[in-house]
Amino acid sequence: QCNLTGSWENDLGSKMHVFKVDSEGNFSGEYHTAVSSTTKPIQPSPLVGSQHLDKDGQCTFGFTVNWKKFSDSTAVFVGQCFTGDNGDEVLKTSWLLREKVDSLPSDWKATR
């Protein structure tokens, strides 16, 4: 059964720590990205999310990261947890990043 509580690292070296998943599937934690387009030093950022607590353990989840400590952007991640044949837990995710822009005509370039 997949349990998001704990530390995770992706292929680029970004690290996520989920403090605890409660009985309803809600969780909070910290995300330390390894990549950024800002010139400010990267700092760990707060995250909040929710996961389905499915009996088969291969649950879907989503979380939001507010990069407020070093950037004017917010990211949302959605994914699913899988347990491999060797018992290792793997998270597969997709994300959207919204950067702050100065005007409505610039909206087209704000989301990646």
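The values are calculated or read from the model by the stated rules, or taken from the named source; none is laboratory data. Treat the numbers as computed from the prediction; the structure is a model and nothing was measured. In this analysis, Cβ positions are derived from the backbone assuming ideal geometry, glycine residues included, and neighbour counts consider all displayed protein chains. Ligands, DNA and RNA are stripped out before the accessible areas are found, and what is left, the full protein with its side chains, is counted by its heavy atoms. Shrake-Rupley method; radii C 1.70, N 1.55, O 1.52, S 1.80 Å.
Only one entry in Phe77, Phe63, Phe82 is assigned to a strand (DSSP E or B) and touching a Leu at 6+ places or on another chain (Cβ under 6 Å), namely Phe63.
Scan region 40-58 residue by residue and report those that are closer than 19 Å to Ser71 by Cβ and among the polar types (S, T, N, Q). Gln43, Ser45 - these are the residues of region 40-58 that are closer than 19 Å to Ser71 by Cβ and among the polar types (S, T, N, Q). Taken over region 1-30, the residue count meeting the criterion of being free of Cβ contacts under 8 Å to residues at least 40 places away in the same chain, surrounded by 14 or more Cβ atoms within 10 Å (Cβ to Cβ) and outside any loop (DSSP other than H, G, I, E, B) is 9. Screening Asp56 against (1) under 16 Å from the mean Cα position of the chain (by Cα); (2) exposed (fewer than 13 other Cβ atoms within 10 Å of the Cβ); (3) of a type in the set (D, E, K, R) leaves a single unmet condition, (1).
Among the residues making up region 34-47, those that are of a type outside the set (A, V, I, L, M, F, W, C) and over 20 Å from Thr5 (Cβ atoms) are Ser36, Ser37, Thr38, Thr39, Lys40, Pro41, Gln43. For region 31-47, the set of residues classified as modelled with pLDDT under 85, of a type in the set (Val, Ile, Thr) and either under 13 Å from the mean Cα position of the chain (by Cα) or open to solvent by less than 80 Å² (accessible area, probe 1.4 Å) (or both) consists of Thr38 only. Would you say Ser50 is closer than 17 Å to Tyr31 by Cα, open to solvent by 60 Å² or more (accessible area, probe 1.4 Å), free of Cβ contacts under 8 Å to residues at least 40 places away in the same chain and among the polar types (S, T, N, Q)? When the stated conditions are applied, Ser50 does not pass them.
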